[in-house]
Amino acid sequence: MKLLLQRNVDKLGTIGDVVKVAPGYGRNYLLPRGLAVELTPDNMNRFESTKRKLIALEQETKEKFQLVAKEIEKADCTIIANSSEEGHLYGSVTARDIAKQLGEGGLEVDPKCIQLDTPIKEMGTYKVKVRLHSDVECEVKVWVVKSGEIQESQKTE
């Protein structure tokens, strides 16, 4: 199935690209979400007339995400978790936990944007990639600390 992309799609193409995809991927994902249209002469002509607007909109979105990325890189993300004496967490820290902590700091991030290969299961400091846009990536520093350590440090202050 040949489609004309209306938006940038990760690992597929950019605005205006003609791509060949599996029919199910096109019908069930790209077309309903408005990411692409079927490749017809009429759609090609219509796209050419709106191409500049779409590219300008995409550039504006990218610039907004770049500003958010700068804020994320400055942000502190400390996650308090229960752990054993050896530093093994009783649960794990997931992308959802990191997104929630960033949200409490005023930065709304979709958990799907946070790229964790595996959940964090040890205490420590981690650098986690956040992909906000196909062209905008940043890293957030995540500290995973034992719940008692925070209380002890507050008592000493």
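Values quoted throughout were computed directly from the atomic coordinates according to the rules given, and no laboratory measurement underlies them. What you see is a predicted model, and the numbers here were worked out from it, not measured in a lab. Note: ideal-geometry Cβ built from the backbone for every residue, glycine included; neighbour counts use all protein chains shown.
Which of the following values of Kirkwood radius over Cα pairs in Å was calculated from the structure shown: (i) 18.4; (ii) 27.8; (iii) 20.2?
(i)
Loop only by DSSP, 15 or fewer other Cβ within 10 Å of the Cβ. Give me the GluC sites (Glu not before Pro) in the range 1-92 that pass, ordered by residue number. Before the final figure, lay out the partial values.
Numbers: sites: E38, E48, E58, E60, E63, E71, E73, E85, E86; in loops: E85, E86.
Within the range 1-92, the qualifying GluC sites (Glu not before Pro) (loop, at most 15 other Cβ atoms within 10 Å) are E85, E86.
Modelling each spin label as a point 7 Å along the Cα-to-Cβ direction, I'd like the D10/Q66 distance in nm, to one decimal.
So the two model labels end up 2.1 nm from each other.
What 222 nm value per residue comes from the helices of the chain, counting each DSSP H run with n ≥ 4 as -39,500 (n - 2.57) and dividing by all residues, nearest 500 deg cm²/dmol?
Working: 3 runs with 54 residues, N = 157.
It lands at -11500 deg cm²/dmol.
Quick one: 3J(HN,Hα) in Hz for the range 87-100, Karplus 6.51/-1.76/1.60 with θ = phi - 60°, rounded, Gly and Pro as x.
Those phi angles translate into x, 7, 6, 6, x, 8, 9, 10, 4, 5, 5, 5, 4, 5 Hz.
Return one number: the angle in degrees, 0 to 90 and rounded to the nearest 10, between the long axis of the Cα atoms of helix 41-74 and the longest principal axis of the Cα atoms of the chain.
Around 10 degrees separate the two axes.
Just A22, A95, A56 to compare: in a GNM of the chain, with alpha carbon springs under 10 Å, which one fluctuates most?
Ranking A22, A95, A56 by mean-square fluctuation puts A22 first.
Order by neighbour count: L5, L39, fewest other Cβ atoms within 10 Å first, most last. Don't jump to the answer; show the numbers that get you there.
On the way: L5 21, L39 15.
Ordered by Cβ neighbours within 10 Å, fewest first: L39, L5.
Over 23 Å between Cα atoms, which of K70/K121; K70/K112; K2/K112; K62/K112; K2/K62; K11/K129 qualify?
Working: K70/K121 27 Å; K70/K112 19 Å; K2/K112 27 Å; K62/K112 17 Å; K2/K62 26 Å; K11/K129 17 Å.
The pairs that break the limit, which is 23 Å between Cα atoms, are K70/K121; K2/K112; K2/K62.
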